[in-house]
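Everything below concerns the one structure shown next.
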Amino acid sequence: MSAILEMDVARWEREGRVVLDDVRLTIARGEHWVILGPNGAGKSSLLAILTAYAWPTEGVVRVLGETYGRCDTTAMKRRMGVVSATLGAWLRPEDVAEEVAASGLYAMIGPWRAYDDEDRRRGREALARLRAESLAGRPYGRLSQGERQRVLIARALVGAPDLLVLDEPCVSLDPVARERFLDDVERLVGESGPTTLVVTHHVEEIPRFVTHALVLREGRAVASGPIDRALTSETLSAAFGARCTLHRESGRYGLAITR
C-alpha cells in the first residue's frame, strides 16, 4: 500500500524552545487518521509542517511522493483539501458560497481572477454533494456556522484531493450541527473519498471511518498506530494528565474524566 504522507520530524524549535520532538507519521493510501491531544500538544505545529507553512528544524516530509524542499508546494497544496477555522477566518464575507467552494480549485483565498461559469458550476456541484446547493448564491459572511462548515468541506473537496485535512472541524458548532457535519463527512469519505486526517482534542469529533490515531503530549508521541491500540483510556490519561475512561458506542467515542 503506497504512502500518502511520510513525516519524520526529528525536531522543530521555535524561539529556542523544542515544539516537536521525534514525531513520526506515515499514512498509507486508504487509511484515515486522527491526531489527538490537549491544547499545546503540538497538533497545530505538526499540521503547519504538513501543509508547508513551516519547516522542521531537523527532519523530512514527503507528501504524495514529493519531498518538501524539493518540490513546488503551491502545486502540492492543490492536491490537498483543508478545512480549518483559521482558513474560514481568512475568507471574504462578501464572496458567495459557490465562489468560496470554487476557490478550492486553485488552493487560494479569494479569486486571483474573475471566476468563470465553469468554476461556478464546479462550486455548485461541490455544494450539492453536501446537500447545500441552496447556499450557492448567499454571501459567506451571512451563513450560520454550520452552513459555513459545509461550504468549507465543499471547497476542500471541489478539486478531488488526494488528502483531506480536517483541522478542529467542529469548533463553534452546537451538538446538532456537529452531528450533521460529521454525518456529511462520513457519507462523503465513505463514497470512495480521499485519505483523511482529522486533528482534534475531542474524541467525540472522531468520525466512524477513522482507522488510525496519533496521540500527542507536549510535542511528543504518546501512542501511534491502529486506533483500537493507540486510542485507549491509558493513552488518553497519559496525554491529558488526568484519569480518562474512553468508551465507544455505534462506532463513535466518548470520554469520562475522573477528578
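Each value in this text was obtained by applying a stated rule to the coordinates, not by laboratory testing. Just so it is clear, the model here is predicted, and its values are computed rather than measured. Backbone-built Cβ (ideal geometry, glycine too); neighbour counts: all protein chains shown.
Observations, loosely collected:
- Estimated vicinal HN-Hα couplings, Hz - the stretch 158-167 in sequence order (Karplus 6.51, -1.76, 1.60; Gly, Pro = x): 4, x, 6, x, 7, 9, 10, 10, 10, 9
- Centre separation in Å (Cα based) which lies between the stretch 7-79 and the stretch 197-252: 19 Å
- Here's the picture: charge each Lys and Arg Cβ at +1 and each Asp and Glu Cβ at -1 in the chain, and of Ala28, Pro226, Ala41 the one pushed furthest to the positive end of that dipole is Ala41.
- Dimensionless Rg/Rh of the chain - Kirkwood Rh, Rg from C-alpha atoms: 0.97
- Share, in percent, of DSSP beta bridges within the chain that are antiparallel, nearest 5: 65 percent
- At an R0 of 30 angstrom, the distance between the Cβ atoms of Gln145 and Glu249 translates into a FRET efficiency of 0.70.
- Environment charge of Leu216, counting only residues whose C-beta is closer than 11 Å and scoring Lys/Arg +1, Asp/Glu -1: +1
- Sum of -39500 (n - 2.57) over DSSP H runs of 4+, divided by residues of the chain (222 nm, nearest 500): -8500 deg cm²/dmol
- Of Thr235, Thr245, Thr211, the one that fluctuates the most in a GNM where the chain has Cα springs shorter than 10 Å: Thr245
- The ranking of His202, His247 from fewest to most other beta carbons within 10 Å of each one's beta carbon is His247, His202.
- For Gly42, nonlocal amide neighbours, meaning residues 5 or more places apart or on other chains whose placed amide H falls under 5 Å from its own, are Gly219.
- Judged by the ratio a/c of the largest to the smallest principal axis of the C-alpha gyration tensor, the stretch 33-114 counts as oblate, that ratio being 1.5 or greater while a/b is no larger than b/c.
- The chain - charge dipole about Cα centre, Lys and Arg +1 at Cβ, Asp and Glu -1, debye rounded to 20: 200 debye
- Of the GluC sites (Glu not before Pro) found in the stretch 1-77, those in coil by DSSP whose Cβ has at most 10 other Cβ atoms within 10 Å are Glu15.
- Couplings 3J(HN,Hα) for the stretch 127-140, derived from phi with the Karplus relation 6.51 cos²θ - 1.76 cosθ + 1.60 (θ = phi - 60°), are 5, 4, 5, 8, 6, 10, 4, 5, 8, 3, x, 9, x, 4 Hz, where x marks Gly and Pro.
- Rh (Kirkwood; distinct C-alpha pairs) - the stretch 118-259, Å: 16.5 Å
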